[in-house]
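Following: one structure in structure tokens, then a few remarks.
The values are calculated or read from the model by the stated rules, or taken from the named source; none is laboratory data. Computed from a predicted model, the values in this text were never measured in an experiment. All Cβ positions, even for glycine, are placed from backbone atoms using ideal geometry, and neighbour counts span all protein chains on display.
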Amino acid sequence: MPAPSLPLRFARLLTRPLGFLSERLGSRFYTVLGAVVIAAALYGIGAGLTGGMKHQAYDLIMKSRFRTPPPDSDIVLVDIDEASLAAMAPEYGRWPWPRAVMAEVTEGLARRRPAAIVFDITFSDLDIDRPEADRYLREVAARHPQTFFAMIRLNPANDRLSELKLARLAGVVPLAAAQPQATVAMVVSYFFDVLDGRRLGTINVYADDDGIVRSYHVHRDAYGWRIYSLPANVAAALGAALPERPDILLNWRGPPLAYRTVPFHSLYRALLRGAGADGDFAGKIVVIGSTAPSLFDIKPTPVARSHPGVEMMMTAIDNLKNGDYLTELPQAAYMLITAAAIALLAGAFIYNVDWLLLRTLFTVMQTAFLAITYLFLNYSTWFVDLTAPFTAAFAYFVVAGYYSRALALRRNGHPWYSAALDPGRTCQVLLLSCRIGTGPGRQRRINAVLQQQAGRTHYGAAAPRLFDSAPLVRSLYKETALFYWLVPPERTCAALRDLLAMLARSLARFRARGLESDVQLALHAVRFTVDAEGEWQAQGREAFMTALALAQQPLRGSLTRTDAFADVCAMCRDVSIPAQLARAGLYRAKAD
């Protein structure tokens, strides 16, 4: 007999580890794989290794939402835009302008009774050329308690070098372990000493590792003091309840410019003339800041590659004021969902669920993961990020699906995975043919039991859709399921033990569900040697047809076996016949 070709030997060399696994683990592989995938997924979620997927999902949904919450109409931007820089330049220079300009705008706006005037500007250094302008802005800030100002937190490593005490800053709250003499490295307004309450807050922007801004800080703690952000202090001063978390995931209102905007130069000219300014500012939160690219307060966000920092701050104020910032599920929830998804898939593979049904189940589950993630961000303030369960389930399905396919091919004697049908090889085949009752519900339940128990075998292969491509023959055998064990002669007894254990489990379940009388079982065996003339194929066809014919007897919930199968039982004296099989009609030898 010719030896296997070189490509075939190479293919078997690659699939040998899989053969090793299939022989020793069988369907237990799915349990082991499930445990490995669950452990890896839980570790990844717990260690934050899935953050990249979460960020991508968040970014994609934010760009494609069909229900974006509208911006709060009570938040207005007085924009120091490029047009304002150009319009003010002839008289005041391009930037920075004299502090008197800001003082005049503040007084003009205050007469229109806004709820808050918020500066996204740090007045850090004194203007040595215009000391009177500095005094003017200082006096205005002291007179108007509805004004709020920015400060910038510097590197904490420099805190010990600073002489600025945390206890002196408005908007900083002592906690239980506050250190009275603690100092902080901070850029603050030169008139910070006239501010009280919550009128100072940080405006630091903390981007994620990829440089994208997705969240805004509520507070940072240092030396027993809680340093609040400017948006948090503005929202709290207006009566909003602040979350305990240090950061909020922003619920963006769309790409910039999302909020009502008034150019600074037009408002300033109108205020100087005493004319009515653009729009009504009564009860509004008026934010004074810049969207001009030349002032470099621009960063990327999920909704825009160039997002002005002032709009990020306004979004944070909006979210905190209205309490609609995004809330994420705890890590434990994602861990539980991931473990449940993998366990469900593992059970489907272990119990040999029909491949079409399994693919449908997997597709529905994966679609549900994506749909839930997308819809929650459109209809709620919850960010339910199921990309980690999606990825873990996909990884499990791919590996388990390949193993399942390879396992079936090996048990069927495919030349890449098995040498069972090589020329000159002797093969032992045990056949189980099952005729199932005609009631659709009962037929489905019986077939499900058989498939599940076949999935737990070490050597069995199933042909559940016999003659599926031939409608006529399929209609003749639609009530028949066929299973077979293809092994070398030295494993005949192991295969017999495997088959009998499957039958015993199946009959026990039939009896428990009242289905025992709706199935007829037939057992047959054949041994042949693969030859070049093809006689082994004729033997195999005859054996398969014999098994199918035996199962066509009237349904009576019994077992029929051929003499050939009885000979196998007689040969394997160390393999005991379970009691329930004996009661159903299986006995060891022809003479018994």
Open item on the list: Could you check region 496-548 and list, in sequence order, the residues that are out of contact with any strand residue (DSSP E or B) (no Cβ under 8 Å at 6 or more places or on another chain) and small (Gly, Ala, Ser)?
Closed with: 501, 504, 506, 508, 512, 514, 517, 532, 534, 538
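Quick one: count up the residues across region 229-256 that are without any contact (Cβ under 8 Å) to a residue 24 or more places away in the chain and not small (Gly, Ala, Ser).
The initial filter retains those residues of region 229-256 that are without any contact (Cβ under 8 Å) to a residue 24 or more places away in the chain, namely 239, 244.
Keeping just the survivors that are not small (Gly, Ala, Ser) gives 244.
Matching residues across region 229-256 total 1.
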- [ ] Only residues that are under 43 Å from the mean Cα position of the chain (by Cα) and more than 18 Å from residue 193 (Cβ to Cβ): list them for region 122-159, please.
- [x] 153, 154, 155, 156, 157, 158, 159
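Do we find that residue 298 is modelled with pLDDT under 95, closer than 19 Å to residue 211 by Cβ, β-branched (Val, Ile, Thr) and surrounded by fewer than 23 Cβ atoms within 10 Å (Cβ to Cβ) in this structure?
For residue 298, the condition - modelled with pLDDT under 95, closer than 19 Å to residue 211 by Cβ, β-branched (Val, Ile, Thr) and surrounded by fewer than 23 Cβ atoms within 10 Å (Cβ to Cβ) - is met.
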TODO: Determine if region 560-576 includes at least one residue that is at pLDDT 85 or above and within 50 Å of the chain's Cα centre (by Cα).
DONE: yes
TODO: Output yes when any residue across region 390-405 is assigned by TED's automatic domain parsing to the domain that holds residue 347, in contact (Cβ under 8 Å) with a residue 12 or more places away in the chain and closer than 30 Å to residue 512 by Cα, and no when none is.
DONE: yes
Task: Residues that are over 45 Å from the mean Cα position of the chain (by Cα) and surrounded by 17 or more Cβ atoms within 10 Å (Cβ to Cβ), drawn from region 238-295 - done: 265, 267, 268, 271, 277
Task: Of all residues in region 177-217 being free of Cβ contacts under 8 Å to residues at least 40 places away in the same chain and crowded, with 16+ Cβ neighbours inside 10 Å, the one that is farthest from residue 311 (Cα to Cα) - done: 183
Open item on the list: Here is a list: 519, 575, 530. Which entry is closer than 17 Å to residue 427 by Cα, touching a Leu at 6+ places or on another chain (Cβ under 8 Å), crowded, with 18+ Cβ neighbours inside 10 Å and of a type outside the set (Lys, Arg)?
Closed with: 530
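Please specify each residue of region 220-242 satisfying the condition of being part of a strand (DSSP E or B) and in contact with an Asp or Glu (Cβ under 9 Å, 6 or more places away or on another chain).
Those that are part of a strand (DSSP E or B) and in contact with an Asp or Glu (Cβ under 9 Å, 6 or more places away or on another chain): 222, 227.
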Open item on the list: Please go through (1) within 24 Å of residue 100 (Cα to Cα); (2) touching a helix residue (DSSP H, G or I) at 6+ places or on another chain (Cβ under 9 Å); (3) not polar (S, T, N, Q) for residue 187 and return the number of the only condition it doesn't satisfy.
Closed with: (2)
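I'd like to verify a number: residues in region 136-178 that are in a loop (DSSP other than H, G, I, E, B) and closer than 18 Å to residue 228 by Cβ, how many? I'd like the intermediate steps shown before the answer.
Filtering region 136-178 for residues in a loop (DSSP other than H, G, I, E, B) gives 144-146, 154-155, 162-164, 169-171, 175-178.
Add one more test, that the residue is closer than 18 Å to residue 228 by Cβ, and what stays is 145-146, 154, 164, 169-171, 175-178.
Residues meeting the conditions: 11.
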